[in-house]
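Report on one structure; see the data block that follows.
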Amino acid sequence: MRIGRGMERVVSGTQTAPTDVRFADIEEAHRALAPIMEAVAAVGGPHCEVVLHDLSEGDLEHSIHAILNGHVSGREEGGPSTNLGVEVLRDGSQDHNAYGYRARTADGRELISSSVYYRDHEGRIIASLCINRDLSPLQGAMDALAALAPEMSTGETASEPPRELVGPDVATVLDDMIAEAIATVGRPTPAMTKADRIEVLRLLEARGAFHIKRAAERVSARLGVSRVTTYGYLDEVRRGQG
């Protein structure tokens, strides 16, 4: 049974249960999801950003199709995706839905986020609905309360590291991915061996970083090697994965 345009449901007994909702294109997705976006933003208030990304063309630099409360991340319509969008583009066959994970803005503010991905009738991921709640006002209030009543402070910090960087442009997202890969290898770039640099590229390739335009140039600059060398290392990584 099909209800509405592009929204599929199955009927079990007398109840109708939502299953894998699919849309013909991003415009149909926007028409269906716009009221939900408005409802979430209204309840979440000015610190709750709601974003609909168009992933149908793979243009991560300009994926934002619609956004409410974009001041949270400093983005607007036509703005970029995040590192999670890069990972989705690398492998669209997996279930990438994620709920209540940690993220952060480019200026260091913590977010609590959820992302839901939608496919077309051929099974390609074409859209994502993302909700980002800025935690800094709550954290500020908790800090003020702890200052007034120190015994109420547990001294605990969030154990889960941020999974997503919500930046104003794709270059910022890419730079963060490169920095994380270098930190994982654990050696300053001037002291890196060839094996270290190849490991940096392997980590970036696994996260889909090279789907971003001019990624090789930025990686080369950070590692202090030529683009030819970077492409050679990347070829070694891809041959090893074959």
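The values are calculated or read from the model by the stated rules, or taken from the named source; none is laboratory data. These numbers come from a predicted model, not from an experiment. Virtual Cβ from ideal backbone geometry, glycine too; neighbours counted across all protein chains shown.
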**OP:** Look at the range 93-114 and say how many of its residues are surrounded by 16 or more Cβ atoms within 10 Å (Cβ to Cβ) and part of a loop (DSSP other than H, G, I, E, B).
**Re:** 3
Subject >> Condition met for R75 (buried (at least 18 other Cβ atoms within 10 Å of the Cβ), touching a residue at least 60 places away in the same chain (Cβ under 8 Å) and either in a loop (DSSP other than H, G, I, E, B) or of a type outside the set (V, I, T) (or both)) >> reply: yes
Subject >> Candidates A32, A39, A66, A24, filtered to the one that is assigned by TED's automatic domain parsing to the domain that holds I112, in a strand (DSSP E or B) and either surrounded by fewer than 20 Cβ atoms within 10 Å (Cβ to Cβ) or touching a strand residue (DSSP E or B) at 6+ places or on another chain (Cβ under 9 Å) (or both) >> reply: A66
Original post:
Within the bounds of the range 220-235, is there any residue that is small (G, A, S) and touching a residue at least 40 places away in the same chain (Cβ under 8 Å)?
Top reply: no
Original post:
Quick check: is even one residue across the range 126-146 at pLDDT 95 or above and part of a loop (DSSP other than H, G, I, E, B)?
Top reply: no
**OP:** Collect the residues in the range 202-231 that are surrounded by fewer than 20 Cβ atoms within 10 Å (Cβ to Cβ) and outside any helix (DSSP H, G or I), keeping them in residue-number order.
**Re:** R207, K213, R214, G224, V225, S226
